[in-house]
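Presented below is the structure to which this report refers.
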Amino acid sequence: MGAAKTNPGRFFEDYRLGEMIRHAVPRTVSGGERALYHALYPARHALYSSDEFARASGLPAAPIDDLAAFHVVFGKTVPDISLNAVANLGYAEGRWHLPVYPGDTLRSESEVIGLKQNSNGKSGVVYVRTRGLNQRDDVVMDYVRWVMVRKNDLDAPAPETVIPELQKVIPAEDLVIPEGLDFTRYDFDLAGEAHRWGDYAVGETIDHVDGVTIEEAEHMLATRLWQNTAKVHFDATFRPDGQRLIYGGHVISLARALSFNGLANAQMIVGLNGGAHANPCYAGLTVKAWSEVLDKAETAAPGVGAIRLRLVATSGGEAFTLKGEDGRYLPHVLLDLDYWALMPM
Amino acid sequence: MGAAKTNPGRFFEDYRLGEMIRHAVPRTVSGGERALYHALYPARHALYSSDEFARASGLPAAPIDDLAAFHVVFGKTVPDISLNAVANLGYAEGRWHLPVYPGDTLRSESEVIGLKQNSNGKSGVVYVRTRGLNQRDDVVMDYVRWVMVRKNDLDAPAPETVIPELQKVIPAEDLVIPEGLDFTRYDFDLAGEAHRWGDYAVGETIDHVDGVTIEEAEHMLATRLWQNTAKVHFDATFRPDGQRLIYGGHVISLARALSFNGLANAQMIVGLNGGAHANPCYAGLTVKAWSEVLDKAETAAPGVGAIRLRLVATSGGEAFTLKGEDGRYLPHVLLDLDYWALMPM
Amino acid sequence: MGAAKTNPGRFFEDYRLGEMIRHAVPRTVSGGERALYHALYPARHALYSSDEFARASGLPAAPIDDLAAFHVVFGKTVPDISLNAVANLGYAEGRWHLPVYPGDTLRSESEVIGLKQNSNGKSGVVYVRTRGLNQRDDVVMDYVRWVMVRKNDLDAPAPETVIPELQKVIPAEDLVIPEGLDFTRYDFDLAGEAHRWGDYAVGETIDHVDGVTIEEAEHMLATRLWQNTAKVHFDATFRPDGQRLIYGGHVISLARALSFNGLANAQMIVGLNGGAHANPCYAGLTVKAWSEVLDKAETAAPGVGAIRLRLVATSGGEAFTLKGEDGRYLPHVLLDLDYWALMPM
């Protein structure tokens, strides 16, 4: 009887192409989220640390970290999209449209843009385009994500297969540069490194050197803060091995923060081209990161260049190793992320 | 010599009937406390997560969680009431009078309303009515609590026994509904569940399904945030077994947050009828929760119903089991709380 | 190739006498930092907990804890001063010039005021005077610190030896009393203890009684929040023993917070005369603290006295024991700090 009141999550057969899902629990962010983000990750990008630095860059104040905005938007989708997900398969076409500031209230909605039942008839792939909206109903970010979801009723008919066409990489000209952003008076001393956009070469790799050994309390604090409800992150009795699986977004934020050392001036994340959680992450692992410059582009904003980066998080192993001869990710690779950031030229 | 400067706490013989104790260390709360509350507990009730949702419900902004307000008020009483307490025996007549908003400053005061020396002459029961007040001296909440306190001077005479008459349950008509609260335009999508007041039946039970495995760092962060100074929560060398006992309020907040799944619309806590910390809680336990609907009542506020709930936190065992044949709480029961909440009708 | 982009830190031969180093990553503090400080440490000094208490003391609002301000200022210096430090040798002449309030943005700069190569030719001592500045370029605090730093190029010539003359103790008349501070209407009930400036005698010792067992997650959250990047605090694979060394400032804040019990009215820290991190601190240790009154002085501010305190943090052992017969710190002593605080007279 009580079970009827709790959320069983959605199963593959519960999704309809074109359906729009309004996700629950809007969230007002404040200086508290900003402080916690800096306590949870070794985040040092100056634009997100200092109101003064942000103002000198043409913004009204330091925004909440772009990945914090992503986590808030993403967390709301979990009860509707991934509660019964077997696997998080990919991301694409992620764009940040507006910085999020303390006082803003975020909510999320997702449109089902693709469905494909697996040949075993037991599960299927659901593609959604998720939008994060603020209190003025402006889109602050959107991204496509696809997950494999179990069927509950194996007799439910397979839907027509629709696989959306997705851009492998967002063209630089489609990136949204925050209004007013201006890096012509950029203070490299205060930012922490002298390397500007012109100092990075496509193909260049950077070992970020620093490492963080993860504690259970930390990833749970973070994952709760984003109101992500997946049992597997919190309940040590949920998996047979007694381990809590760390939210993939925690690894993304950790790796991005570590990348400060060598990419201190890759200030704003404006595009998410794709990403794979290559191997699961658990407490006790020591996470390190390396990056590769994949592309560069100019932008229309004064002094602002775009840089496309591969960000790889590892739990050991040699920097710059990624896949084995079989084409599979090596066991120590946790994350392979492809994103666009903005840098002073 | 130094010992004379530190607080030895009060002993049973130090309390006088009718005495009013002004507790130390007022506290201004901010968005920081709100963010931390959401990092420490899987809290998702929309009214406390979103300023916009709160405004649509007739409040000026999202208040600090009602239990956070309780913890702040409670924490201040510890040095004066429970530093030498042997046991926390009960709560009654807890009422929330005013929502607490970022920027408010809380302080606490307690009136001794009952005293009863135990027959062994070594301890006694102290009953206090504690009030939390804001910077305008408005009462934001009050509750009765009774604790067993050791005597220091065993020769001190026993006081006259006075046991206050306490309501077993606060009558629904005595609950204070926040001014302006209006659930007639309640957005069930954003709140996370479709079940309204009318959908719950007295006697209905709800298994909240989710679980959280507790870490030492988490309960200590929480307990410190409420400025609760009881040594037993922080010092692993204090107890012979080397375990830190978790503050009972941490279990209350954890269970309440877990109850979102099935009671997402039980938005505001307005009454605390009673509560028992049935068994001690330690780090490493996985806490789950279930609820039982004990009563329902209408209120004068538009669209607002009251629901009386039993909230049970467990560290395992079958949902809906509570006491053994001997009438005692089963070993896996951590908390048995009886409270009134407000729900959209 | 990538290594060229990351910060190798400075080596002894990289410092020049008189050189001014502008440290990176300014930081805006908010109510989030205040809340986190109270979650991380058992901080209860009323002036930092309550805007109302601060206003009644003549300040516009509750400042961020003085030690939090110190940690923010200090953290910024780590990448430039102590990344290759072998040892943190001492502090002197630390003065707080202005309270830091939510909304303030802090940055740091350090002047090299002394250099002395060690006789082994492999390292040297660097003396810096560090200033923390706010968004109006006002100095909020300054202090001298000296560290032993490795040489990278052993053939680099030794600089001329310059050892700055440093005050052993800041004269009371040089302490900066915050403008408007007035303790004549001080509420001792709300502050938590009745002992005023006149109640403390030079030579008096106070055992602060309470203890906190440290968790890895806690010291890492704190150290990250101050944007301190030293690998040794975060990466369990960095040291051969697999232990993470706890940031000395974490121990300072923990001990200071514990000293509330007996020194609740030692409200504001205005001077840091010196300090030694006597032994390393690791997670799992239970930290306790004791204090000794070293001196007392009157101030020009109404009702405000200055008290000079030795604050000792330990991981066990008898209170009030400090050094062995050989003059060395006993193994259980973690910290020996000498500071000035302001107290109601």
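Read-outs throughout are calculated quantities, based only on the coordinates presented, and are distinct from any laboratory measurement. Being a predicted model, the structure only gives us computed values, none of them experimental. We place every Cβ from the backbone using ideal geometry, glycine too, and count neighbours over all the protein chains shown.
Shown here: the protein assembly as shown, whose C-alpha atoms stretch 85, 84, 46 Å along the first, second and third principal axes, sorted largest to smallest.
Measuring spread by the Cα atoms of the stretch B:139-274 yields a radius of gyration and Dmax of 20.2, 63 Å.
Per-residue 3J(HN,Hα) values for the stretch C:321-329, derived from phi via the Karplus relation 6.51 cos²θ - 1.76 cosθ + 1.60 with θ = phi - 60°, read 8, 9, 10, x, 5, 7, x, 8, 4 Hz in sequence order (x marks Gly and Pro). Here the alpha carbons of the stretch B:1-86 define both size measures, Rg and Dmax, at 18.0, 58 Å. Give the share of C-alpha pairs in each 10 angstrom bin for the stretch B:155-207, from 0 to the last occupied bin, in whole percents, shortest bins first. Taking all Cα pairs of the stretch B:155-207, the binned fractions are 13, 26, 29, 13, 10, 8, 1 percent. Sorted shortest first, the separations between the C:Glu318 label point and its copies elsewhere in the assembly read 5.9, 5.9 nm; each point sits 7 Å from Cα along the Cα-to-Cβ line. Among C:Ile113, C:Tyr101, C:Trp146, which residue has its Cα furthest toward the positive end of the charge dipole of the stretch C:99-163, with +1 on Lys/Arg Cβ and -1 on Asp/Glu Cβ? Going by the charge dipole, the pick is C:Trp146.
Under a point-charge model restricted to the Cβ atoms of Lys and Arg (+1) and Asp and Glu (-1), what is the dipole moment magnitude of chain B relative to its Cα centre, in debye to the nearest 20? Write out the running numbers ahead of the final one.
Working: 33 positive and 44 negative charges, 198 e Å.
That gives a dipole near 960 debye.
Using the structure shown, list the pairs from A:Lys76/A:Lys151; C:Lys122/C:Lys168; B:Lys116/C:Lys288; C:Lys116/C:Lys323 with a Cα-Cα distance above 30 Å, or answer none. Too far apart for the 30 Å limit: B:Lys116/C:Lys288. Please list, in order, the residues from the stretch C:129-162 whose amide nitrogen is less than 16 Å from a point placed 7 Å along the Cα→Cβ vector of A:Asp189. Residues passing the 16 Å test: C:129-139. With its label point put 7 Å out from Cα toward Cβ, C:Asn118 sits 5.9, 5.9 nm from the same residue's point in the other copies, in order from shortest.
Label zone (B:Thr161, point 7 Å along Cα-to-C-beta; backbone nitrogen cut-off 18 Å) within the stretch B:107-127: B:113-127.
Computed from the mean reciprocal separation of all distinct C-alpha pairs, what Kirkwood hydrodynamic radius does the stretch B:78-151 have, in Å? If you can, show how the numbers build up before the last one.
Working: mean 1/r = 0.0751 Å⁻¹.
Averaging 1/r across every pair of different Cα atoms and inverting gives 13.3 Å.
What translational diffusion coefficient, to the nearest whole µm²/s, does the stretch A:2-50 have by Stokes-Einstein, given a Kirkwood radius computed over alpha-carbon pairs, a temperature of 10 °C and 1.306 mPa s viscosity? Estimated diffusion coefficient is 105 µm²/s.
Look at the Cα gyration tensor of the stretch A:256-310: its axes a ≥ b ≥ c give a/c of at least 1.5 with a/b over b/c, and that counts as prolate. The Cα atoms of the stretch B:111-178 give a gyration tensor whose axes a ≥ b ≥ c have a/c of 1.5 or more with a/b greater than b/c, which makes the shape prolate.
Rounded to the nearest angstrom and listed largest first, the equivalent-ellipsoid semi-axes of chain B from its Cα gyration tensor are 32, 22, 20. Computed over the stretch A:224-345, the P(r) tail beyond 22 angstrom holds 42 percent of alpha carbon pairs. About its Cα centre, the stretch C:157-197 has a charge dipole of approximately 120 debye under the convention of +1 per Lys or Arg Cβ and -1 per Asp or Glu Cβ, with nothing else charged. Ranking A:Leu221, A:Thr205, A:Ala300 by Cα position along the charge dipole of the stretch A:198-345, where only Lys, Arg, Asp and Glu carry charges on their C-beta atoms, puts A:Leu221 farthest toward the positive end. Across C:Arg34, C:Arg136, C:Arg196, mean-square fluctuation computed from a Gaussian network of chain C (C-alpha pairs under 10 Å connected) peaks at C:Arg136. Taken over the alpha carbons of the stretch C:52-97 as equal point scatterers, the Debye sum produces base-10 log I(q)/I(0) values at 0.14, 0.26 Å⁻¹ of -0.51, -1.05.
Placing a label point 7 Å from the Cα of C:Leu154 along the Cα-to-Cβ direction, the distances to the matching points in the other copies come to 7.1, 7.1 nm, shortest first.
Rounded to the nearest whole Hz, the Karplus-based 3J(HN,Hα) values (6.51 cos²θ - 1.76 cosθ + 1.60, θ = phi - 60°) of the stretch B:104-115 follow the sequence 6, 10, 9, 9, 10, 9, 10, 10, 6, 10, x, 8, with x at glycine and proline. Taking Cβ atoms as reference points and 10 Å as the exclusive limit, the residues near B:Asp153 contribute a net charge of -2, counting Lys and Arg as +1 and Asp and Glu as -1. Once you reduce the stretch A:72-108 and the stretch A:290-345 to the center of their Cα atoms, the two points are 21 Å from each other. Rounded to the nearest 0.05, the FRET efficiency derived from the C-beta distance between B:Arg328 and C:Thr286 at R0 = 25 Å is 0.15. Near A:Gly316, the amide H atoms lying under 5 Å from its own belong to A:Lys288; only residues 5 or more places off or on other chains count, and H is placed 1.01 Å from N.
Under a model in which nothing but the beta-carbon of Lys, Arg (+1) and Asp, Glu (-1) is charged, the stretch A:15-108 shows a dipole of about 160 debye around its Cα centre. Sorted from longest to shortest, the spans of the Cα atoms of the stretch B:176-247 along the three principal axes equal 53, 31, 24 Å.
If you take the beta carbon distance between C:Leu89 and C:Ala4 as r and set R0 to 35 Å, what does 1/(1 + (r/R0)^6) give as a FRET efficiency, to the nearest 0.05?
Working: r = 31 Å, r/R0 = 0.88.
Approximately 0.70, to the nearest 0.05.
Only helical runs count toward this figure. For chain A, summing -39,500 (n - 2.57) over DSSP H runs of n ≥ 4 and dividing by all residues gives -5000 deg cm²/dmol at 222 nm.
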